Amino acid sequence: MVKIEDLYTVYFMARKNKRRSEDAVVFEVDCERRLHNLLTAINERTYRALSNYTFISTRPKPREVFACELESRIIQWYIIWRILPILEEKLTDSTFNNRKGMGTDAAVAKLAADMKRVSCNYTKEAWVITWDLSGCFPNANRDIACKQLQRLVNDNYTGDDREDLLWMIMISIHANPQNHCYRKSPREMWSLIDEAKSLFNKPDGIGGAIGFLIWQVAMNLYFNDIDHWAADEMGLHYTRFVDDSVLVVDNKDAALLLLPLFRDKYNAVGATMHPRKFYCQPVSRGVHFLGAYIKGDRLYVHNRIIRNAEKRIRQLNRCRNKVKHLDTFISSVNSFFGNLKNKNEFKNIKRLHAAISPDWSQFCEMDWNRLCMVAKDGYKHNQLIKLKFDRI
(Lines give C-alpha, C1' and ligand atoms only; values in the text may rest on other atoms or scores of the structure.)
Protein backbone atom coordinates (compact mmCIF):
# COMPACT_ATOMS: atom_id res chain seq x y z
CA MET A 1 0.00 0.00 0.00
CA VAL A 2 1.23 3.49 -0.87
CA LYS A 3 1.96 5.71 2.14
CA ILE A 4 1.22 9.41 2.42
CA GLU A 5 4.81 10.26 3.40
CA ASP A 6 6.01 8.65 0.16
CA LEU A 7 3.56 10.74 -1.85
CA TYR A 8 4.91 13.89 -0.20
CA THR A 9 8.45 12.85 -1.10
CA VAL A 10 7.48 12.31 -4.72
CA TYR A 11 5.42 15.51 -4.81
CA PHE A 12 8.48 17.61 -3.98
CA MET A 13 10.40 15.75 -6.70
CA ALA A 14 7.65 16.26 -9.29
CA ARG A 15 7.20 19.98 -8.68
CA LYS A 16 10.93 20.75 -8.90
CA ASN A 17 11.55 23.15 -11.82
CA LYS A 18 7.77 23.12 -12.48
CA ARG A 19 6.62 25.19 -9.53
CA ARG A 20 5.62 28.20 -11.62
CA SER A 21 3.42 26.17 -13.99
CA GLU A 22 -0.32 26.78 -13.71
CA ASP A 23 -1.23 23.26 -12.60
CA ALA A 24 1.56 23.21 -9.98
CA VAL A 25 0.35 26.51 -8.50
CA VAL A 26 -3.26 25.30 -8.33
CA PHE A 27 -2.16 22.01 -6.74
CA GLU A 28 0.06 23.69 -4.15
CA VAL A 29 -2.72 25.97 -2.90
CA ASP A 30 -4.51 22.89 -1.55
CA CYS A 31 -1.77 20.27 -1.71
CA GLU A 32 -2.56 18.45 1.55
CA ARG A 33 -6.16 17.66 0.59
CA ARG A 34 -5.17 16.84 -3.00
CA LEU A 35 -2.41 14.46 -1.92
CA HIS A 36 -4.74 12.65 0.48
CA ASN A 37 -7.37 12.36 -2.26
CA LEU A 38 -4.72 11.06 -4.65
CA LEU A 39 -3.59 8.53 -2.04
CA THR A 40 -7.15 7.28 -1.66
CA ALA A 41 -7.63 7.06 -5.43
CA ILE A 42 -4.43 5.02 -5.79
CA ASN A 43 -5.11 2.61 -2.96
CA GLU A 44 -8.73 2.13 -4.06
CA ARG A 45 -7.73 1.82 -7.76
CA THR A 46 -10.09 4.60 -8.82
CA TYR A 47 -7.59 7.10 -10.22
CA ARG A 48 -7.71 7.85 -13.94
CA ALA A 49 -5.28 10.13 -15.78
CA LEU A 50 -7.78 12.45 -17.46
CA SER A 51 -5.96 15.81 -17.27
CA ASN A 52 -3.67 15.98 -20.28
CA TYR A 53 -2.75 18.54 -22.89
CA THR A 54 -0.88 18.45 -26.16
CA PHE A 55 1.02 20.91 -28.32
CA ILE A 56 3.35 21.01 -31.31
CA SER A 57 6.99 21.68 -30.51
CA THR A 58 8.72 23.25 -33.50
CA ARG A 59 12.36 22.89 -32.42
CA PRO A 60 14.57 21.29 -33.51
CA LYS A 61 11.82 19.96 -35.80
CA PRO A 62 8.00 19.83 -35.49
CA ARG A 63 6.75 17.04 -33.25
CA GLU A 64 3.67 16.26 -31.20
CA VAL A 65 4.14 16.44 -27.44
CA PHE A 66 1.73 15.29 -24.74
CA ALA A 67 1.97 16.41 -21.14
CA CYS A 68 -0.08 15.73 -18.02
CA GLU A 69 -1.15 17.74 -15.01
CA LEU A 70 0.70 17.45 -11.70
CA GLU A 71 -1.39 14.62 -10.25
CA SER A 72 -0.47 12.31 -13.11
CA ARG A 73 3.13 13.47 -12.97
CA ILE A 74 3.26 12.51 -9.28
CA ILE A 75 2.18 8.97 -10.15
CA GLN A 76 4.78 8.73 -12.92
CA TRP A 77 7.46 10.12 -10.62
CA TYR A 78 6.47 7.53 -8.02
CA ILE A 79 7.01 4.73 -10.52
CA ILE A 80 10.41 6.11 -11.57
CA TRP A 81 11.43 6.67 -7.95
CA ARG A 82 10.81 3.00 -7.19
CA ILE A 83 12.11 1.28 -10.31
CA LEU A 84 15.05 3.48 -11.37
CA PRO A 85 17.65 1.75 -9.12
CA ILE A 86 16.78 -1.69 -10.46
CA LEU A 87 16.38 -0.42 -14.03
CA GLU A 88 19.89 1.04 -14.00
CA GLU A 89 21.28 -2.41 -13.17
CA LYS A 90 19.61 -3.87 -16.26
CA LEU A 91 20.69 -1.26 -18.81
CA THR A 92 23.97 -1.38 -20.70
CA ASP A 93 26.66 1.29 -20.71
CA SER A 94 25.79 1.91 -24.37
CA THR A 95 22.49 3.73 -23.87
CA PHE A 96 22.52 7.32 -22.61
CA ASN A 97 19.08 8.94 -22.64
CA ASN A 98 17.27 9.85 -19.41
CA ARG A 99 19.99 8.48 -17.17
CA LYS A 100 21.75 10.28 -14.36
CA GLY A 101 25.33 11.07 -15.29
CA MET A 102 24.71 10.25 -18.95
CA GLY A 103 23.09 12.49 -21.58
CA THR A 104 24.06 13.75 -25.02
CA ASP A 105 27.55 14.94 -24.10
CA ALA A 106 28.44 11.53 -22.64
CA ALA A 107 27.06 9.76 -25.72
CA VAL A 108 29.09 11.98 -28.05
CA ALA A 109 32.20 11.44 -25.91
CA LYS A 110 31.77 7.66 -26.09
CA LEU A 111 31.37 7.76 -29.86
CA ALA A 112 34.48 9.94 -30.22
CA ALA A 113 36.42 7.51 -28.03
CA ASP A 114 35.16 4.50 -30.03
CA MET A 115 36.20 6.13 -33.31
CA LYS A 116 39.66 6.79 -31.95
CA ARG A 117 40.00 3.31 -30.43
CA VAL A 118 38.81 1.27 -33.42
CA SER A 119 40.93 3.29 -35.86
CA CYS A 120 43.99 3.06 -33.55
CA ASN A 121 44.14 6.83 -33.21
CA TYR A 122 43.14 7.30 -36.86
CA THR A 123 46.05 5.27 -38.20
CA LYS A 124 43.92 2.38 -39.52
CA GLU A 125 40.80 2.21 -41.65
CA ALA A 126 37.56 2.21 -39.66
CA TRP A 127 33.95 2.98 -40.46
CA VAL A 128 31.12 4.69 -38.64
CA ILE A 129 27.52 3.60 -39.31
CA THR A 130 24.52 5.53 -38.00
CA TRP A 131 20.78 4.99 -38.36
CA ASP A 132 17.52 6.32 -37.00
CA LEU A 133 14.20 4.69 -36.18
CA SER A 134 11.06 5.79 -37.98
CA GLY A 135 8.50 7.17 -35.51
CA CYS A 136 10.09 5.60 -32.44
CA PHE A 137 7.56 6.86 -29.86
CA PRO A 138 4.41 6.98 -32.05
CA ASN A 139 4.90 3.34 -33.15
CA ALA A 140 5.73 1.87 -29.73
CA ASN A 141 3.58 -1.07 -28.64
CA ARG A 142 2.02 -0.22 -25.27
CA ASP A 143 1.45 -3.85 -24.29
CA ILE A 144 5.15 -4.63 -24.81
CA ALA A 145 6.27 -1.55 -22.87
CA CYS A 146 3.84 -2.25 -20.03
CA LYS A 147 4.80 -5.92 -19.71
CA GLN A 148 8.51 -5.09 -19.74
CA LEU A 149 8.14 -2.64 -16.85
CA GLN A 150 5.82 -4.94 -14.90
CA ARG A 151 8.21 -7.87 -15.40
CA LEU A 152 11.03 -5.70 -14.09
CA VAL A 153 9.00 -5.00 -10.93
CA ASN A 154 7.82 -8.60 -10.46
CA ASP A 155 11.33 -10.02 -10.81
CA ASN A 156 13.29 -7.45 -8.85
CA TYR A 157 11.12 -5.30 -6.56
CA THR A 158 10.16 -6.52 -3.07
CA GLY A 159 8.49 -3.47 -1.50
CA ASP A 160 5.08 -3.59 0.17
CA ASP A 161 3.66 -1.39 -2.58
CA ARG A 162 4.53 -3.77 -5.42
CA GLU A 163 0.91 -4.40 -6.42
CA ASP A 164 0.21 -0.67 -6.38
CA LEU A 165 3.30 -0.11 -8.52
CA LEU A 166 2.15 -2.67 -11.08
CA TRP A 167 -1.24 -0.98 -11.28
CA MET A 168 0.26 2.52 -11.64
CA ILE A 169 2.49 1.29 -14.48
CA MET A 170 -0.56 -0.09 -16.27
CA ILE A 171 -2.67 3.08 -16.04
CA SER A 172 0.29 5.32 -16.95
CA ILE A 173 1.35 3.36 -20.04
CA HIS A 174 -2.25 2.83 -21.20
CA ALA A 175 -3.37 6.39 -20.40
CA ASN A 176 -4.49 7.10 -24.01
CA PRO A 177 -3.92 10.87 -23.59
CA GLN A 178 -5.18 11.59 -27.12
CA ASN A 179 -8.70 10.61 -26.02
CA HIS A 180 -8.96 13.13 -23.17
CA CYS A 181 -6.75 16.15 -23.74
CA TYR A 182 -6.94 19.76 -24.80
CA ARG A 183 -4.72 21.42 -27.38
CA LYS A 184 -2.39 24.27 -26.47
CA SER A 185 -1.34 24.77 -30.09
CA PRO A 186 -3.68 25.80 -32.92
CA ARG A 187 -5.17 22.79 -34.68
CA GLU A 188 -3.62 23.82 -37.98
CA MET A 189 -0.13 23.29 -36.53
CA TRP A 190 -0.71 19.53 -36.73
CA SER A 191 -0.24 19.90 -40.49
CA LEU A 192 3.46 20.45 -39.76
CA ILE A 193 3.95 16.82 -38.76
CA ASP A 194 3.44 13.57 -40.63
CA GLU A 195 0.04 12.03 -39.89
CA ALA A 196 1.79 8.76 -39.04
CA LYS A 197 3.60 10.49 -36.17
CA SER A 198 0.48 11.69 -34.37
CA LEU A 199 -1.19 9.63 -31.64
CA PHE A 200 -4.54 10.92 -32.90
CA ASN A 201 -4.09 8.66 -35.95
CA LYS A 202 -2.89 5.55 -34.14
CA PRO A 203 -4.95 2.41 -33.38
CA ASP A 204 -5.59 1.34 -29.81
CA GLY A 205 -2.52 0.01 -28.08
CA ILE A 206 0.01 1.79 -30.29
CA GLY A 207 1.97 4.94 -29.48
CA GLY A 208 4.00 6.34 -26.61
CA ALA A 209 3.45 9.90 -25.47
CA ILE A 210 6.49 12.11 -25.98
CA GLY A 211 6.51 14.29 -22.88
CA PHE A 212 5.33 11.63 -20.43
CA LEU A 213 8.16 10.83 -18.01
CA ILE A 214 7.11 7.19 -17.83
CA TRP A 215 7.58 6.83 -21.58
CA GLN A 216 10.99 8.48 -21.54
CA VAL A 217 12.15 5.77 -19.16
CA ALA A 218 10.12 2.95 -20.71
CA MET A 219 11.84 3.43 -24.07
CA ASN A 220 15.19 2.68 -22.45
CA LEU A 221 13.90 -0.72 -21.41
CA TYR A 222 12.01 -1.15 -24.68
CA PHE A 223 15.23 -1.61 -26.68
CA ASN A 224 17.32 -3.01 -23.85
CA ASP A 225 17.48 -6.54 -25.27
CA ILE A 226 18.78 -5.15 -28.57
CA ASP A 227 21.36 -3.08 -26.69
CA HIS A 228 22.63 -6.13 -24.81
CA TRP A 229 22.74 -8.19 -28.00
CA ALA A 230 24.77 -5.55 -29.83
CA ALA A 231 27.11 -4.50 -27.03
CA ASP A 232 27.51 -7.71 -25.00
CA GLU A 233 26.81 -10.68 -27.24
CA MET A 234 28.23 -9.26 -30.47
CA GLY A 235 30.90 -7.12 -28.78
CA LEU A 236 30.23 -4.15 -31.04
CA HIS A 237 31.31 -0.56 -30.38
CA TYR A 238 27.68 0.52 -30.17
CA THR A 239 25.98 3.66 -28.83
CA ARG A 240 22.27 4.52 -28.62
CA PHE A 241 20.40 7.66 -27.60
CA VAL A 242 16.62 7.10 -27.84
CA ASP A 243 16.19 6.30 -31.57
CA ASP A 244 19.67 7.33 -32.77
CA SER A 245 22.14 4.44 -32.97
CA VAL A 246 25.73 4.25 -34.14
CA LEU A 247 28.37 1.57 -34.73
CA VAL A 248 32.12 1.97 -35.18
CA VAL A 249 33.69 -0.99 -36.98
CA ASP A 250 36.92 -1.98 -38.71
CA ASN A 251 35.15 -4.28 -41.17
CA LYS A 252 32.43 -2.50 -43.12
CA ASP A 253 31.21 -5.52 -45.08
CA ALA A 254 30.75 -7.65 -41.95
CA ALA A 255 28.94 -4.80 -40.19
CA LEU A 256 26.53 -4.27 -43.08
CA LEU A 257 25.58 -7.96 -42.86
CA LEU A 258 24.40 -7.28 -39.29
CA LEU A 259 21.87 -4.65 -40.35
CA PRO A 260 19.17 -7.18 -41.40
CA LEU A 261 19.51 -8.72 -37.93
CA PHE A 262 18.99 -5.30 -36.35
CA ARG A 263 15.93 -4.78 -38.57
CA ASP A 264 14.41 -8.10 -37.50
CA LYS A 265 14.91 -7.28 -33.83
CA TYR A 266 13.35 -3.85 -34.27
CA ASN A 267 10.42 -5.32 -36.18
CA ALA A 268 9.77 -7.71 -33.30
CA VAL A 269 8.87 -4.74 -31.07
CA GLY A 270 7.07 -2.75 -33.77
CA ALA A 271 9.96 -0.41 -34.65
CA THR A 272 11.37 0.25 -38.12
CA MET A 273 14.75 1.52 -39.26
CA HIS A 274 14.30 4.74 -41.22
CA PRO A 275 14.94 3.98 -44.92
CA ARG A 276 16.68 7.32 -45.60
CA LYS A 277 18.39 8.26 -42.34
CA PHE A 278 21.42 6.03 -42.78
CA TYR A 279 25.11 6.96 -42.88
CA CYS A 280 28.17 4.79 -43.54
CA GLN A 281 31.51 6.49 -44.09
CA PRO A 282 35.16 6.23 -43.00
CA VAL A 283 35.82 7.77 -39.58
CA SER A 284 38.23 10.19 -41.25
CA ARG A 285 35.24 11.98 -42.82
CA GLY A 286 33.66 12.62 -39.44
CA VAL A 287 30.07 12.11 -38.34
CA HIS A 288 27.10 14.15 -37.12
CA PHE A 289 25.59 12.76 -33.92
CA LEU A 290 23.17 14.39 -31.44
CA GLY A 291 23.84 17.92 -32.65
CA ALA A 292 27.61 17.48 -32.62
CA TYR A 293 30.08 16.94 -35.43
CA ILE A 294 33.04 14.68 -34.60
CA LYS A 295 36.07 14.87 -36.86
CA GLY A 296 39.35 13.49 -35.58
CA ASP A 297 40.21 14.97 -32.19
CA ARG A 298 37.99 17.97 -32.88
CA LEU A 299 34.41 18.40 -31.79
CA TYR A 300 32.03 20.96 -33.28
CA VAL A 301 28.32 21.71 -33.08
CA HIS A 302 25.91 21.26 -35.96
CA ASN A 303 25.56 24.32 -38.18
CA ARG A 304 21.84 24.33 -37.40
CA ILE A 305 22.62 25.19 -33.77
CA ILE A 306 24.68 28.21 -34.82
CA ARG A 307 21.87 29.39 -37.10
CA ASN A 308 19.33 28.97 -34.27
CA ALA A 309 21.58 30.92 -31.91
CA GLU A 310 21.94 33.80 -34.38
CA LYS A 311 18.19 33.86 -34.96
CA ARG A 312 17.44 33.89 -31.23
CA ILE A 313 19.93 36.69 -30.56
CA ARG A 314 18.35 38.80 -33.34
CA GLN A 315 14.93 38.25 -31.76
CA LEU A 316 16.15 39.28 -28.32
CA ASN A 317 17.97 42.31 -29.71
CA ARG A 318 14.60 43.65 -30.85
CA CYS A 319 13.20 43.68 -27.31
CA ARG A 320 12.41 47.25 -26.31
CA ASN A 321 12.29 46.70 -22.56
CA LYS A 322 15.69 45.13 -21.97
CA VAL A 323 15.35 44.91 -18.18
CA LYS A 324 12.05 43.03 -18.42
CA HIS A 325 13.59 40.42 -20.72
CA LEU A 326 17.04 40.31 -19.08
CA ASP A 327 16.56 36.89 -17.43
CA THR A 328 15.27 35.42 -20.69
CA PHE A 329 18.16 36.94 -22.63
CA ILE A 330 20.86 35.63 -20.27
CA SER A 331 19.29 32.16 -20.05
CA SER A 332 18.88 31.84 -23.82
CA VAL A 333 22.35 33.05 -24.74
CA ASN A 334 24.06 31.01 -22.03
CA SER A 335 22.27 27.86 -23.18
CA PHE A 336 24.01 28.23 -26.55
CA PHE A 337 27.33 29.27 -25.02
CA GLY A 338 27.20 26.28 -22.67
CA ASN A 339 26.88 23.95 -25.64
CA LEU A 340 29.67 25.65 -27.57
CA LYS A 341 32.27 26.05 -24.85
CA ASN A 342 32.61 22.28 -24.35
CA LYS A 343 33.63 21.94 -27.98
CA ASN A 344 36.16 23.51 -30.35
CA GLU A 345 33.90 26.50 -30.97
CA PHE A 346 35.60 29.54 -29.41
CA LYS A 347 35.45 31.40 -32.74
CA ASN A 348 31.69 30.93 -32.91
CA ILE A 349 31.31 32.11 -29.31
CA LYS A 350 33.11 35.33 -30.26
CA ARG A 351 30.97 35.61 -33.37
CA LEU A 352 27.72 35.24 -31.45
CA HIS A 353 28.90 37.67 -28.80
CA ALA A 354 29.62 40.22 -31.52
CA ALA A 355 26.02 39.81 -32.74
CA ILE A 356 24.63 40.91 -29.36
CA SER A 357 23.29 44.46 -29.44
CA PRO A 358 25.38 47.02 -27.46
CA ASP A 359 22.13 48.01 -25.74
CA TRP A 360 22.46 44.91 -23.53
CA SER A 361 25.85 46.07 -22.20
CA GLN A 362 24.14 48.39 -19.73
CA PHE A 363 22.61 45.41 -17.93
CA CYS A 364 24.95 42.44 -18.48
CA GLU A 365 28.45 41.57 -19.63
CA MET A 366 30.50 38.66 -20.92
CA ASP A 367 32.55 36.66 -18.42
CA TRP A 368 35.35 35.45 -20.70
CA ASN A 369 36.79 33.17 -18.02
CA ARG A 370 33.57 31.17 -17.75
CA LEU A 371 32.38 31.98 -21.28
CA CYS A 372 28.92 33.08 -20.20
CA MET A 373 26.84 36.23 -19.86
CA VAL A 374 26.31 37.58 -16.33
CA ALA A 375 24.08 40.35 -15.05
CA LYS A 376 25.76 43.48 -13.77
CA ASP A 377 25.41 44.60 -10.19
CA GLY A 378 21.95 46.03 -9.64
CA TYR A 379 20.38 43.89 -12.34
CA LYS A 380 20.84 40.41 -10.90
CA HIS A 381 17.72 38.28 -10.64
CA ASN A 382 17.18 38.67 -6.88
CA GLN A 383 17.89 42.39 -7.06
CA LEU A 384 15.31 42.87 -9.82
CA ILE A 385 12.68 40.97 -7.83
CA LYS A 386 13.37 43.10 -4.74
CA LEU A 387 13.18 46.26 -6.82
CA LYS A 388 9.87 45.15 -8.30
CA PHE A 389 8.22 44.54 -4.93
CA ASP A 390 9.69 47.69 -3.39
CA ARG A 391 7.79 49.65 -6.02
CA ILE A 392 4.46 48.04 -5.13
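The values are calculated or read from the model by the stated rules, or taken from the named source; none is laboratory data. From a predicted model like this one, the values you see are computed outputs, not experimental measurements. Heads up, the Cβs are rebuilt from the backbone with ideal geometry, glycines too, and the neighbour counts pull from every protein chain shown. What goes into the accessible areas is simple: the full protein's heavy atoms, side chains included, and nothing from ligands, DNA or RNA. Shrake-Rupley method; radii C 1.70, N 1.55, O 1.52, S 1.80 Å.
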- Message: Accessible area per residue for region 262-378 in Å², computed with a 1.4 Å probe and the full protein assembly in place, what is it?
- Response: 58 Å²
- Message: Based on alpha-carbon centroids, what's the gap between region 135-196 and region 39-89 in Å, whole number please?
- Response: 8 Å
- Is region 119-223 best put as rounded, prolate or oblate by its Cα gyration tensor, with a ≥ b ≥ c the root eigenvalues, rounded for a/c under 1.5, and otherwise prolate when a/b is larger than b/c, oblate when not? oblate
- Tell me, rounded to the nearest percent, the portion of alpha carbon pairs in the chain spaced more than 42 Å apart. 21 percent
- Task: Read phi for every residue in region 26-37 and hand back ³J(HN,Hα) as whole Hz from Karplus 6.51 cos²θ - 1.76 cosθ + 1.60, θ = phi - 60°, with x for Gly and Pro.
- Result: 4, 5, 5, 4, 9, 5, 5, 5, 5, 5, 5, 5
- Item | Cut-off under 5 Å, modelled amide H: who pairs with LYS376 long-range | CYS364, GLU365
- Please identify, among VAL287, VAL29, VAL248, the residue showing maximal mean-square fluctuation in a Gaussian network model of the chain using a 10 angstrom Cα cutoff. VAL29
- Item | Of the trypsin sites (Lys or Arg not before Pro) in region 46-76, those whose Cβ has at most 16 other Cβ within 10 Å and which sit in DSSP loop | ARG48
- Query: Using only the Cα atoms, what convex hull volume per residue in Å³ does region 1-87 have?
  - Reply: 126 Å³
- Message: For region 103-197, what does the relative contact order come out to in percent, with C-alpha contacts under 8 Å and a separation of six or more?
- Response: 25 percent
- Task: Using Cα pairs closer than 8 Å and at least 6 residues apart in sequence, work out the relative contact order for region 122-272, in percent.
- Result: 44 percent
- Dipole of the chain, Cα-centred, from +1 at each Lys and Arg C-beta and -1 at each Asp and Glu C-beta, to the nearest 20 debye? 2100 debye
- Message: For a quick check of your reading of the filter: which GluC sites (Glu not before Pro) in region 1-47 sit in a DSSP loop and have no more than 16 other Cβ atoms within 10 Å?
- Response: GLU44
- Note on the structure: When the chain is treated as a Gaussian network with springs between alpha carbons less than 10 Å apart, the largest mean-square fluctuation among VAL249, VAL323, VAL108 is found at VAL323
- Message: Going through the cross-link list LYS295/LYS343; LYS124/LYS295; LYS184/LYS311; LYS61/LYS311, which pairs have a Cα-Cα distance over 22 Å in this structure?
- Response: LYS184/LYS311
- Message: I'd like the distance between the alpha-carbon centres of region 332-372 and region 262-311, rounded to an integer number of Å.
- Response: 26 Å
- Non-local amide H neighbours of PHE289 (under 5 Å, H modeled in plane, Pro and chain starts lacking H): which ones? ILE294
- Query: Of SER72, ASN43, PHE96, which is farthest on the positive side of the dipole of region 33-99, counting Cα position, with +1 on Lys and Arg Cβ, -1 on Asp and Glu Cβ, and the Cα centre as origin?
  - Reply: SER72
- Query: Whole-Hz Karplus ³J(HN,Hα) for region 162-170, in order, using 6.51 cos²θ - 1.76 cosθ + 1.60 and θ = phi - 60°, x for Gly and Pro?
  - Reply: 4, 5, 5, 5, 4, 5, 5, 4, 4
- Note on the structure: Only helices counted: for the chain, with every DSSP H run of 4 or more residues adding -39500 (n - 2.57) and the sum spread over all residues, [θ] at 222 nm is -14500 deg cm²/dmol
- Message: Please list, by residue number, every one of the trypsin sites (Lys or Arg not before Pro) in region 107-190 that is coil in DSSP and has at most 14 other beta-carbon atoms within 10 Å.
- Response: LYS124, LYS184
- Note on the structure: Expressed as a whole-number percentage, the relative contact order of the chain with C-alpha contacts under 8 angstrom and at least six residues apart is 19 percent
- Residues with amide H under 5 Å of CYS181's amide H, sequence separation 5 or more or different chain, H placed in the peptide plane at 1.01 Å from N; which? none
